[in-house]
Amino acid sequence: MTASVYDIPLTTIDGAPASLGDYRGKVLLVVNTASKCGLTPQYEGLEKLYREKKDAGLEVLGFPANNFNGQEPGSEEEIKQFCALTYDVSFPMFAKINVAGADVHPLYRQLIAAQPVATGEGPMREKLLGFNIEPNPAPGILWNFEKFLIGKDGKVIGRFAPDTAADDAGLRQAIDAALAA
């Protein structure tokens, strides 16, 4: 039996030990982030979503990753500063991890295995090809800002393409359904 996503050891952006178990009973939106990506402005929408829904039980969790075109080159301290000063991010951020390549973090290995297909993935894959960027092969993480939705019971219930904005109707519907469950 696979360990629960709650049991996988993590580290906060401040270097403290953590796990998703710290958020047991909440709905989690896990996002791999980057500071120098065309999608970086999504931080703004994610923060807005977090502030709007956190009292209802939603946690947005950011996992910086430097796996796509070197778009997250900074240290944890630089990432934290950037997020705070540029987007006033108050949702929890974690230490930089790998979400693609040979050494994918165990959390992401488990998330991908639980939800191998992302909703709305086609356009982003085509866009990357248009920029002569070879997309990470499915079921791997396509790009920065891919989103996994985890229900209150710790089960992965959704995966959304990187270009799915925080105000996307389908994403919001899935979050609201998970919060109501």
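Within region 56-71, is even one residue surrounded by fewer than 22 Cβ atoms within 10 Å (Cβ to Cβ), at negative phi and free of Cβ contacts under 8 Å to residues at least 12 places away in the same chain?
No, region 56-71 has no match at all.
Within region 87-133, track down each residue that is of a type in the set (Phe, Trp, Tyr), touching a residue at least 60 places away in the same chain (Cβ under 8 Å) and not in a helix (DSSP H, G or I).
Let us first name the residues in region 87-133 that are of a type in the set (Phe, Trp, Tyr), namely 87, 91, 94, 108, 131.
Next, from what is left, pick out any that are touching a residue at least 60 places away in the same chain (Cβ under 8 Å): 94, 108.
94 - this is the single residue of region 87-133 that is of a type in the set (Phe, Trp, Tyr), touching a residue at least 60 places away in the same chain (Cβ under 8 Å) and not in a helix (DSSP H, G or I).
Between a first residue in region 139-156 that is surrounded by 18 or more Cβ atoms within 10 Å (Cβ to Cβ) and a second residue that is of a type in the set (S, T, N, Q) and part of a loop (DSSP other than H, G, I, E, B), which pairs have beta carbons less than 7 Å apart while being 6 or more apart in sequence or on different chains?
Hits for this filter: 142/136; 144/71; 147/164; 148/115; 156/115.
Looking at region 4-38 only, could you name the residues that are without any contact (Cβ under 8 Å) to a residue 60 or more places away in the chain, more than 20 Å from residue 90 (Cβ to Cβ) and out of contact with any Ser or Thr (no Cβ under 7 Å at 6 or more places or on another chain)?
19, 21, 36, 38
For region 32-68, name all the residues that are assigned to a strand (DSSP E or B), within 19 Å of residue 118 (Cβ to Cβ) and out of contact with any His (no Cβ under 9 Å at 6 or more places or on another chain). Talk me through it step by step, then tell me what you get.
Here is the first cut: in region 32-68, the ones assigned to a strand (DSSP E or B) are 32-33, 58-64.
So of that shortlist, the ones also within 19 Å of residue 118 (Cβ to Cβ) come out as 32-33, 60-63.
If the condition is that a residue be assigned to a strand (DSSP E or B), within 19 Å of residue 118 (Cβ to Cβ) and out of contact with any His (no Cβ under 9 Å at 6 or more places or on another chain), then 32, 33, 60, 61, 62 are the ones that fit.
Inspect region 88-103 for any residue being touching a Leu at 6+ places or on another chain (Cβ under 6 Å), under 12 Å from residue 32 (Cβ atoms) and not small (Gly, Ala, Ser) and give the result as yes or no. Walk me through how you get there before you give the answer.
Initial filter on region 88-103 (touching a Leu at 6+ places or on another chain (Cβ under 6 Å)): 92, 94.
Pick out the ones that are also under 12 Å from residue 32 (Cβ atoms) and you get 94.
Then keep just the ones that are not small (Gly, Ala, Ser); that gives 94.
Yes, region 88-103 contains at least one residue that is touching a Leu at 6+ places or on another chain (Cβ under 6 Å), under 12 Å from residue 32 (Cβ atoms) and not small (Gly, Ala, Ser).
Based on this model, can you work out whether residue 97 counts as crowded, with 21+ Cβ neighbours inside 10 Å and touching a strand residue (DSSP E or B) at 6+ places or on another chain (Cβ under 8 Å)? Quick ask: steps written out before the conclusion?
Numbers: crowded, with 21+ Cβ neighbours inside 10 Å: no; touching a strand residue (DSSP E or B) at 6+ places or on another chain (Cβ under 8 Å): yes.
No, not satisfied.
Throughout, read-outs are computed from the coordinates displayed, never taken from laboratory work. Note that this is a predicted model, so its numbers are computed, not measured. Virtual Cβ from ideal backbone geometry, glycine too; neighbours counted across all protein chains shown.
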